[in-house]
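Here the structure is laid out as structure tokens; the discussion comes afterwards.
The values are calculated or read from the model by the stated rules, or taken from the named source; none is laboratory data. Quantities reported herein were computed from a predicted structural model and do not represent experimental measurements. So basically every Cβ, Gly included, is an ideal-geometry build from the backbone, and we count neighbours across all protein chains shown. Keep in mind that these areas ignore ligands, DNA and RNA; they rest on the heavy atoms of the full protein, side chains included. Shrake-Rupley method; radii C 1.70, N 1.55, O 1.52, S 1.80 Å.
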Amino acid sequence: MTVWDELVGQEPVVEVLQRAVAAASSGGSGMTHAWLFTGPPGSGRSNAARAFAAALQCERGTGCGECHSCVTARAGSHPDITLISTQGLSIGTDQAREVVRAASLHPSSGRWQVLVVEDADRLTDQAANALLKAIEEPPPATIWMLCAPAVEDVIVTIRSRCRSVVLRTPPAAAVARLLVERDGIDAQAAREAAQASQGHVGRARALATKDEVRRRRREILDLAGSLRTPGSCLRAAATIHELAADHAKDLADSADAKELADLRAGWGVEERGKRPAGYAGALSALEKEQKRRRTRLSRDAIDGMLLDLLSLQRDVLAVQLGSVQDPGDLVNADVAGEVQTLARLGTAESTLRRVDAILECRESVAANAAPLLCLERMMLALAA
Ligand SMILES: [Zn+2]
């Protein structure tokens, strides 16, 4: 497999990047030093940036996927590719300064020094300003790749320096094909997962391969039919809130424990048996960062569940408007029966109101409102 093969449904982007790689390997004059990858969640922005980075370092100049450079790039251990991501809500100035330092180094391979900022939308303004100068005047061998959901998510002074690469939501058929070819998933399951995930490649794979992910989605979709009394609405809100917290806990617990162990080892807390001066401050900084990460993970999980509910309402609307003939074409084809029932119980107008309620809830949660309250308000609106 070449480094490009996993960029499903992104042929136009791959063509642009391959042309840039070819130009770079034949002298590199006119190489663009700053790129901005945008596209909806799951479309593979950071995968595209990583593939591009790997291809630029490839010993054969193509992104063959086989040479030492491609293999280490893929494994995330190439010395001249720095990946900057965050589990927290934002990337701060300290992290940005470190990146700027890395950007000024000569590449050890003699090719390029590549910096991939995976969550450029999470740069604080100060951090973005710290990067700005390095992006404006990069050393000749340095290439920046920033990733964000939309161009507007990156401050204008930075984005005006970048060449824009826009990814699209990959078609369900292309995602299904990847699941069959790369992961060996059976065709029917791949098709259902690809449709249900609406072009989110990672989620499609999780749906097709993990029972608990499938179970959680069903649990969420079943909520839509359970909203009869105010009490059931509040319970449904609590269910989503708890599922999200559990999910965040699963992901965060092991990371937290490892970071704490590293911190204790770093400060020699284990050997000396007592806490050196300065440790308390470092510990509290770590705990703050971990709390932020939990918050973000839980919000992301809530958003994923809201997207499931939204896709269900859109299916209901499609049935009510008669725009879907074959139930197999519904996003949630596996629960077509429930979709038909919900469609009979309401009107297109009431469904549109529900769609609005879900969109409003997503916005409030993204704007840091208290998630449980937002969910409760939404569930009551869904029942109305
Ligand atoms: Zn290669």
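Close amide H contacts of L36 (hydrogens built in the peptide plane, cut-off under 5 Å, sequence separation of 5 or more or a different chain): L146, R163, S164, V165. Surface composition of the chain: carbon and sulfur atoms hold 52% of the protein heavy-atom accessible area at a 1.4 Å probe. From helices alone, the chain scores -19500 deg cm²/dmol at 222 nm; the rule is -39500 (n - 2.57) for each run of n ≥ 4 DSSP H residues, then divide by the residue total.
Residue-wise HN-Hα couplings along the range 371-384, as the Karplus relation 6.51 cos²θ - 1.76 cosθ + 1.60 with θ = phi - 60° gives them from phi, are x, 4, 4, 4, 5, 5, 4, 5, 4, 4, 5, 5, 7, 5 Hz; Gly and Pro carry x. The phi torsions of the range 279-285, fed into the Karplus equation with coefficients 6.51, -1.76 and 1.60 and a -60° offset, translate into couplings of 5, 4, x, 5, 5, 5, 5 Hz, rounded to whole numbers, with Gly and Pro shown as x.
Of S284, S311, S26, S298, the residue with the largest accessible area leads and the full order is S26, S284, S298, S311 (1.4 Å probe).
Describe numerically, in nm with one decimal, the distance between label points set 7 Å from Cα along Cα→Cβ at D211 and at M1. Computed distance between label sites D211 and M1 equals 2.6 nm. Please work out the FRET efficiency for the pair K133 and R264, using the Cβ-Cβ distance as r and a Förster radius of 51 Å; give the result to the nearest 0.05. Efficiency, rounded to the nearest 0.05: 0.85. With contacts taken as Cα pairs under 8 Å at a separation of at least 6 residues, the chain carries a relative contact order of 16 percent. Assuming a ≥ b ≥ c are the square roots of the Cα gyration tensor eigenvalues, decide whether the range 250-384 counts as rounded (a/c under 1.5), prolate (otherwise, with a/b larger than b/c) or oblate. In terms of gyration-tensor shape, prolate. By the rule of a C-alpha distance below 30 Å, with chain neighbours fewer than 8 residues away ignored, the lysines paired with K258 are K210, K249, K274, K288, K291.
Working from label points 7 Å from Cα in the Cα-to-Cβ sense, the L286 to S77 distance is 2.5 nm. Close amide H partners of I143, meaning residues 5 or more places away or on another chain with modelled amide H under 5 Å apart, are Q113, V114, L115. Relative to the Cα centre, the charge distribution of the range 11-166, modelled as +1 at Lys and Arg Cβ and -1 at Asp and Glu Cβ, gives a dipole magnitude of about 260 debye.
Between helix 211-223 and the chain there is an angle of about 40 degrees, using the helix long axis and the longest principal axis of the Cα atoms. Backbone amide hydrogens, once placed in the peptide plane, bring E59 within less than 5 Å of S69, C70, excluding anything fewer than 5 places away on its chain.
With R₀ fixed at 35 Å, the C-beta to C-beta distance from S25 to L321 puts the FRET efficiency at about 0.10.
If the chain linking A277 and E59 were pulled fully straight, counting 0.36 nm for each residue of separation and taking away their Cα-Cα distance, it would gain 73.6 nm. A simple rule links phi to the HN-Hα coupling: the Karplus curve 6.51 cos²θ - 1.76 cosθ + 1.60 with θ = phi - 60°, which for the range 90-97 gives 8, 9, x, 5, 4, 5, 5, 5 Hz, with x for Gly and Pro. For the pair D300 and L234, a Förster radius of 30 Å applied to the C-beta separation gives a FRET efficiency near 0.85, rounded to the nearest 0.05. Net length available on complete extension from E98 to E219 is 39.2 nm, with 0.36 nm assigned per residue and the Cα-Cα distance removed.
Oblate is the label for the chain, because a/c, from the alpha-carbon gyration tensor with a ≥ b ≥ c as root eigenvalues, is 1.5 or above and a/b does not exceed b/c. Starting from the 7 Å offset along Cα-to-Cβ, what nm value, one decimal, do you get for the label separation of A150 and S108? The answer from the label model is 4.1 nm. The C-alpha atoms of the chain define a longest principal axis, and helix 45-57 lies at about 30 degrees to it.
The C-alpha atoms of the chain define a longest principal axis, and helix 187-197 lies at about 90 degrees to it.
With protein chains left intact and a 1.4 Å probe, residues in the chain average 50 Å² of accessible area per residue.
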